[in-house]
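Quick notes on the structure that follows.
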Amino acid sequence: MGYVFLILPTLIVVPLSFNAGTELSFPPTSFSLAQYRTYFFESNWWEATVLSFWVGIATMMLSLVLGVPAAYALVRADFPGKKILTLFLLSPILVPVIVVALGVYLYFASIGIKGVALPIVLGHTLIAMPFVVITAMAGMQNVDRNLEVASQIMGAGRLLIFYKVTLPLLRPAIVAGALFSFLISFDEVVIAYFVGRAGFSTLPVKMFGSIQWEISPVIAAISTLLTLLSLGVCLLVAATAKDE
Amino acid sequence: MTMIRLEGVSKRYGAVVALDKSDLAVDKGEFVTLLGSSGSGKTTLLNVIAGMIAPTTGRVLVDGEDITSLPPNRRNLGMVFQNYALLPHMTIFENIAFPLRIRGVSNAEIRKRVMDVLDIIRLPQIAQRKPRELSGGQQQRVSLARCIVYNPSLILMDEPLGALDRRLREQMQVEIKKIQTESGITMLYVTHDQEEALSMSDRIVLMDNGKILQIGSPSDLYFRPKSLFAATFLGMSNILRGRFTTASGGGICLPGGEEIRLSSETPMTGEIGCAMVRPENVKLAGPDAQPNTNEVVGELVMSVMLGGITNHHVELADGTRLIAQEQTRIDRAPPLRGERIRLRWEASDTIGLPE
């Protein structure tokens, strides 16, 4: 019951998004697809969406490239300080996002990383990679070490084993990590707001700005679409997990 | 021709000796079993050969070539694991083809060789299945096929039948032995199951506590054990403790005064030791004495009928328990519990062992 109570306010945007007119109003007085039309065709919302999409994809790629080998090493290798390194890699989850955002902002400003997307991608990777590391480490528990030993005795080198044996077996974990890291980036406001440049907002940042200044009813339509996207991703993760 | 030779190989972890200095030579086409309980060092020895563990001292030679410092993937060995270690995301065909693909064999050749080994393991119809669709016994045969297919110098088998039930295990022992003999593969087999070792091996390497205790054919180890451990580890044994005497032909004097004659002279005259005789060589005897035999008298504790054979447990005056094994006879009444029984066996079946 408590859960329903918490989730209902989120769902209220769905009926709102089908309301015509130029203001958010509840209960909706009419039914139309006007807000969706505005979002897709008649505004610069689409630009923000495209930016968010590419930032999300880049964050996902970077998180996978860094996170999967890290998880592999953390599970397979045995070296002093392994626990501390694990904690260190996962620490961005423990630190408040606002602190991460401020740190990233000051850091990038001082070393002069510029551009529209790069600072956002780097910032998002910081908070998305721990999730890739966690899912990949969990996935590694299902990769029997004997399979790698057997492959090695059969004549396979380490790289070949990683690509032909370990990676295919890690696929469900990697897919889950990829989708989550994309979603984390696509939804993220604080870091994108801090390090983003004026005039080039990601979708969540533009929504945040819009709430502050105009409260456009298009937001209801976008929120509905974002909810659908999250739901779709979660279902996809569940489906790949079941498949294996 | 020697296929694999170990020279003074040992492994220590700090102060712990996992494997004492060991020498072993396995001939081409031979089936050698490392037999021992857990912690005996047999798995350490196997892993040193496979290259998964670097030995502290010694050398490993395959076909005359020193491979001690080669990584596992360059030793051209095969290994079969207890849990099969088939790659779950590949079909059986792809699993068996995997070592060939690593070696850059052409597709046509791969197809031919994979189908050939599937015939050898008598599972030609399963090529397109996934490992999880097969039974344990089938998976283990595929695992063996995956080794045979690239013709390694030596196939290592690490308790390969440990996960199977008893009946299937016995079938697989026959199957593996048949494949090994027909293809002339050199095999080093690790097990803690003495029956498995006795039934399959050309030679057995008996290990305990990180040491090789004895190397010999199954009948060598069974009938001519060199230690009390070997005598009691393999099969059932009757042990009589006493003091070695100087009697001609070798003998041992029991605490009760009886003298037991041994099959050979013992160098340990005057020392405390044991005489060992297998239950199947001990007979329930009548009162008539016979030359060159050993005789003791005791009280029947119980007779256990195990189908074709019956074990008579007899307790001597000093508390030693002996087992006499006979074929079960329906036409003869078994002796009664508490009855005084005379046991007799040949001196030539009696082995003298150090304590």
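Which value, to two decimals, describes the C-alpha radius of gyration of the range B:2-228 once divided by 2.2 N^0.38 Å?
1.01
Before anything else, pin down the relative contact order of the range B:52-199: Cα pairs under 8 Å, at least 6 apart, normalised by residue count, whole percent. Provide the component values of the computation, followed by the final result.
On the way: 166 pairs, mean separation 42.4, N = 148.
Answer for the range B:52-199 is 29 percent.
For the B and A pair, go ahead and give the buried accessible area with a 1.4 Å probe, both sides summed, in Å² to 100.
In total, chains B and A hide about 1700 Å² from solvent.
Calculate log10 I(q)/I(0) of the range A:129-172 for q = 0.13, 0.31 Å⁻¹, where I(q) comes from the Debye formula with a single equal point scatterer on each Cα and nothing for solvent.
These q points yield log10 I(q)/I(0) values of -0.29, -1.06.
Per residue, how much space in cubic angstrom lies within the convex hull of the C-alpha atoms of the range B:122-273? Don't jump to the answer; show the numbers that get you there.
Working: hull volume 22.8 nm³, N = 152.
Value for the range B:122-273: 150 Å³ per residue.
Rounded to the nearest 0.05, what FRET efficiency do B:ARG101 and A:PHE79 give with R0 = 35 Å and r taken as the Cβ-Cβ distance? Could you check?
The value I calculate is 0.60.
Looking only at Cα atoms, what is the convex hull volume of the range A:1-118 per residue, in Å³?
Dividing the Cα hull volume of the range A:1-118 by its residue count gives 209 Å³.
So, for the range B:68-207, what is the accessible surface per residue at a probe of 1.4 Å, expressed in square angstrom?
Here the per-residue accessible area is 41 Å².
Take every Cα-Cα distance within the range B:40-106, group them into 5 Å bins from 0 onward, and report for each bin the whole-number percent of pairs it holds.
Over the range B:40-106, the share of Cα pairs per 5 Å bin runs 3, 14, 20, 20, 17, 13, 8, 3, 0 percent.
Along the Cα→Cβ direction, 7 angstrom out, place labels at A:LEU160 and A:LEU33. What is the inter-label distance in nm?
Placing both labels 7 Å beyond Cα along the Cβ direction yields 5.5 nm.
Just flag the trypsin sites (Lys or Arg not before Pro) in the range B:81-126 sitting in loop per DSSP whose Cβ has no more than 15 other Cβ atoms within 10 Å. Kindly include the intermediate steps, with their values, before the conclusion.
Working: sites: B:ARG101, B:ARG103, B:ARG111, B:LYS112, B:ARG113, B:ARG122; in loops: B:ARG103, B:ARG122.
Answer in residue order: B:ARG103, B:ARG122.
With every protein chain left in place, what is the accessible area of B:THR56 in Å² (1.4 Å probe, nearest 10)?
About 70 Å², ignoring ligands and nucleic acids.
Using a 1.4 angstrom probe on the protein heavy atoms only, line up A:LEU179, B:LEU24 by accessible area, largest first.
Largest to smallest exposure gives the sequence A:LEU179, B:LEU24.
Report the semi-axes of the equivalent ellipsoid for the range B:236-354 in whole Å, largest first, where each axis is √(5λ) for an eigenvalue λ of the Cα gyration tensor.
Largest first, the range B:236-354 gives 26, 13, 13 Å.
Starting from the Cα coordinates of chain A, work out the convex hull volume and express it per residue in Å³.
Considering the Cα atoms of chain A, their hull volume per residue is 170 Å³.
Rounded to the nearest 0.05, what FRET efficiency is calculated for B:MET268 and B:ASP27 with R0 set to 30 Å and r the Cβ-Cβ distance?
Given R0 = 30 Å and the Cβ-Cβ separation, E is 0.35.
Quantify, in whole percent, the carbon and sulfur part of the accessible surface of chain B (1.4 Å probe; protein heavy atoms only).
50 percent
What area, in nm² and to one decimal, does the C-alpha convex hull of the protein assembly as shown cast on average over all directions? Write down the numbers at each step before the final one.
On the way: hull surface 171.8 nm².
For the Cα atoms of the protein assembly as shown, the hull's average projected area reads 43.0 nm².
The values are calculated or read from the model by the stated rules, or taken from the named source; none is laboratory data. Predicted model only: the values in this text are computed from it and were never measured. Note that we place each Cβ from the backbone using ideal geometry, even for glycine, and neighbour counts take in every protein chain shown. All accessible areas refer to the heavy atoms of the entire protein, side chains included, with ligands and DNA or RNA removed. Shrake-Rupley method; radii C 1.70, N 1.55, O 1.52, S 1.80 Å.
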